[in-house]
Amino acid sequence: MTDFTGKLDGSQLTALIQKMDAVSTEHGITVAGALTDTLDGMDVQTYADQFFDLNGLGYGPTDSGVLLLISEEDREFALSTKGKAIGAFTNAGQEYLIKQLKSDMSKGNYYKVFDAYTDLADQFLVQAETGKPYDKGNLPKKALSLIWIPLSLLLGALGALLPTGAMKSQLKSVYTKEKADSYVVKDSVNIGISRNRLVDTVISRRKIDQKTSSKGSETHTTDGQTHGGTHGKF
């Protein structure tokens, strides 16, 4: 974890470094963060990719790792992935991850941002090790708040009582009758012969647009090095 802004105090910086180091060691994939005051006029994605490479981040021969870089002055962020981390952090997964951090980014709660980012990175790497990384149709599910448990039980009970109560109020006493005469209206039954004939057929055709959804991770090249990642403003 690198902080060029001085926004993180000593204890916060130490805690983040230790946490990121532990996650990196466990998975053999670097999890890193950088907080800078300016991009010096550079594109944020290029800045993040170069920061990754020039600082020698990444594990093993493929330099596997993920970096979250935030520029406070420009109010921009970028994720840069490399090696095995490219497959672990898919396009949809990156979008989900950033969405969880955007609110604290906007508020300037940078310690909370990088702390949550490290937890999410750990979660993503654990999932990737199962062979099914988080992607479209397979994103993390948010835990249901405990308050919804009694509320859902109450709503379920009310949902069952209301229709049954209404049906019960419409019930009438039933008495057995020996003959069916009272159920038939006089001269109302006249059974003849009827036939169904096909007169005409109409066929309508409508074009259905097929929507395609992309999965996996897109890559790009910076200074001859292949990276994945995403970027944006906050």
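Taken together, the values in this text are just the output of simple stated rules run on the coordinates, not laboratory data. Just so it is clear, the model here is predicted, and its values are computed rather than measured. Because the Cβ atoms are built from the backbone with ideal geometry, glycine has one as well, and the counts that use them run over all protein chains shown.
For the reader, a short list of remarks on this structure follows.
- Taking each of Lys141/Lys233; Lys7/Lys102; Lys112/Lys136; Lys99/Lys233; Lys112/Lys132; Lys82/Lys112 in turn, the alpha-carbon distance tops 21 angstrom for Lys141/Lys233; Lys112/Lys136; Lys112/Lys132; Lys82/Lys112.
- Out of every Cα-Cα pair that segment 1-140 contains, those further apart than 25 angstrom amount to 20 percent.
- At most 14 other Cβ within 10 Å, DSSP loop - GluC sites (Glu not before Pro), segment 5-112: Glu73
- Stretchable slack from Leu54 to Val126, in nm (0.36 nm times residue separation minus alpha-carbon distance): 23.2 nm
- Our coupling estimate for segment 48-57, obtained by passing each phi through the Karplus curve with A = 6.51, B = -1.76, C = 1.60 and θ = phi - 60°, is 5, 4, 5, 4, 4, 6, 5, 9, x, 6 Hz, Gly and Pro reported as x.
- In sequence order, segment 221-234 has phi-based couplings of 10, 10, 6, x, 10, 8, 10, x, x, 8, 7, x, 10, 9 Hz under the Karplus curve 6.51 cos²θ - 1.76 cosθ + 1.60, θ = phi - 60°, and Gly or Pro positions carry x.
- Less than 5 angstrom separates the built amide H of Asp3 from those of Leu35, all sequence-distant by 5 or more or on a different chain.
- Note on Lys141 and Gln225: with the Förster distance fixed at 35 Å, the Cβ-Cβ geometry gives a FRET efficiency of about 0.50.
- Within straight-line cross-link reach of Lys19, aspartates and glutamates at Cα separation under 18 Å, skipping those fewer than 8 residues along the same chain: Asp3, Asp9, Asp115, Asp119, Asp122
- The length gained on full extension between Lys7 and Lys107, counted as 0.36 nm times the residue separation minus their Cα-Cα distance, comes to 34.7 nm.
- Projected label points at Asp40 and Lys99, each 7 Å from Cα along the beta carbon direction, are separated by 3.6 nanometres.
- When all alpha carbon pairs of segment 63-143 are counted in 10 Å bins from zero, the resulting P(r) reads 17, 53, 26, 4 %.
- Sorting the segments 77-83, 126-132, 114-120 by their mean number of nearby beta carbons within 10 angstrom, highest to lowest, gives 77-83, 114-120, 126-132.
- Summing Lys and Arg as +1 and Asp and Glu as -1 over all other residues whose Cβ lies under 14 Å from the Cβ of Thr25 gives a net charge of -2.
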